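Visitor: Here's a structure for you.
We did not get these values from a lab; they are worked out from the coordinates using the rules stated. Quick caveat: nothing in here was measured; it's all calculated off a predicted structure. Because the Cβ atoms are built from the backbone with ideal geometry, glycine has one as well, and the counts that use them run over all protein chains shown.
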Amino acid sequence: MSKTNDFIWNAIQVVCWLIFAGLCVQSGALIFNYIYSLFKPIATHNLHLGLDLSELYKQSQWLYTCVFSLIVTISIIKSIVFFYVLRLFKVIKVTQPFTTEVSALISKISYHAFSIGVVAYVADRFVNNLMHKNYNVGDVGRYWDDMGAYLMMSAILFVIALIFKKGIELQNESDLTV
Amino acid sequence: MPIIVNLDVMMAKRKMSLNELSEKVDITLSNLSILKTGKAKAVRFSTLESICKALNCQPGDILEYVDKG
């Protein structure tokens, strides 16, 4: 690889590590704050970076739990996606990229990204429904306003996974061509 | 696979070992082994030409089609 590509490759890895670490911290903080808020409801005023679900907590603990579960689920799946991205960087070899392991990882990232999009859409519809029923849900929307991007990523990765599978077939044939 | 490679038959007729053939046609032992054991998916014409020249035979002596259908 050229020096520029090498630099970009390493820079992207560092960025992915930072995002993965940030998402893990976010998921952990959300889970901890949820459990804490069950014992100390005052914590619902500032659950994570100013998220205020105190009104929702007062109106319905069950709905509060549902909304929080959706937020935590999305955060955890995002962490898993970036974990797979980091594994991909570790496993992929530029000289021989078409391996079953790489293809499987790309497929996994695609499916998980799609699930983020689906869960985010369900969460968005659910929260909109609550708002119509005059429940106060704060600004939870910021936890899934990137659902379009994840859906697009999953579609693109799905196509790339198909191309990789074909690439593996062609490579196997080439390896067995005398 | 319907295409059968009779390389070992020709090699026995010409009393040539795999090592000798590998040196004559400049193909690695592993590739010749892949061909001999029928695991090859494709054969280049250049390879077939080299083998036929080394074994003094025709392509039909090495490759045989058997209809399994």
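Visitor: So who's got an amide H within less than 5 Å of the one on B:LEU63, skipping anything under 5 residues away but keeping other chains? H placed 1.01 Å off N, in plane.
Guide: Here the answer is B:ASN6, since their amide H atoms fall under 5 Å of that of B:LEU63.
Visitor: Roughly how many nanometres apart are two label points built 7 Å out from the Cα toward the Cβ at A:LYS133 and A:ALA149?
Guide: Inter-label distance under the simple model: 3.1 nm.
Visitor: Continuing with the same structure: What average count of beta carbons from other chains do you get within 10 Å of the Cβ of residues in B:37-47?
Guide: If you average over the peptide's residues, the count of other-chain Cβ atoms is 2.
Visitor: In nm, to one decimal, how far is the A:THR65 label point from the A:ILE156 one, both placed 7 Å along Cα→Cβ?
Guide: The two pseudo-label positions are separated by 3.9 nm.
Visitor: Pulled fully out, how much extra length does the chain show between A:LEU170 and A:LYS58, if you take 0.36 nm times their separation in residues and subtract their Cα-Cα distance?
Guide: Between A:LEU170 and A:LYS58, full extension yields an extra 34.3 nm.
Visitor: For a footprinting-style exposure proxy, rank B:MET16, A:MET153 by other Cβ within 10 Å, fewest first.
Guide: Ordered by Cβ neighbours within 10 Å, fewest first: B:MET16, A:MET153.
Visitor: Taking the square root of 5 times each eigenvalue of the Cα gyration tensor, what semi-axes in Å does the equivalent ellipsoid of the protein assembly as shown have, largest first?
Guide: Equivalent-ellipsoid dimensions as semi-axes: 63, 19, 13 Å.
Visitor: What ³J(HN,Hα) values, in whole Hz, does the Karplus curve 6.51 cos²θ - 1.76 cosθ + 1.60 give for region B:49-60 when θ = phi - 60°, with x put for Gly and Pro?
Guide: Listing the rounded values in order: 4, 4, 5, 5, 5, 5, 9, 6, 8, 9, x, x Hz.
Visitor: In addition: Can you figure out the FRET efficiency of B:LYS24 with A:ARG87, using R₀ = 41 Å and their beta-carbon distance, to the nearest 0.05?
Guide: With R0 = 41 Å, the Cβ-Cβ based efficiency is 0.30.
Visitor: Still on this structure: Which shape class, rounded, prolate or oblate, goes with region B:3-60 when its Cα gyration tensor gives a ≥ b ≥ c as root eigenvalues, a/c under 1.5 marks rounded, and past that a/b bigger than b/c marks prolate?
Guide: rounded
Visitor: Mind giving me the nanometre distance, one decimal, between the label points for A:ILE42 and B:ASP8, set 7 Å out from Cα along Cα→Cβ?
Guide: The modelled label-to-label distance comes out at 8.4 nm.
Visitor: Tell me what the protein assembly as shown gives for mean residue ellipticity at 222 nm when only DSSP H runs of n ≥ 4 count, each as -39,500 (n - 2.57), the sum divided by the residue total, rounded to 500 deg cm²/dmol.
Guide: -23500 deg cm²/dmol
Visitor: If the reach is capped at under 26 angstrom between alpha carbons, list the lysines near A:LYS165, excluding any in the same chain fewer than eight residues apart.
Guide: The qualifying lysines are A:LYS78, A:LYS90, A:LYS93, A:LYS108, B:LYS39, B:LYS41.
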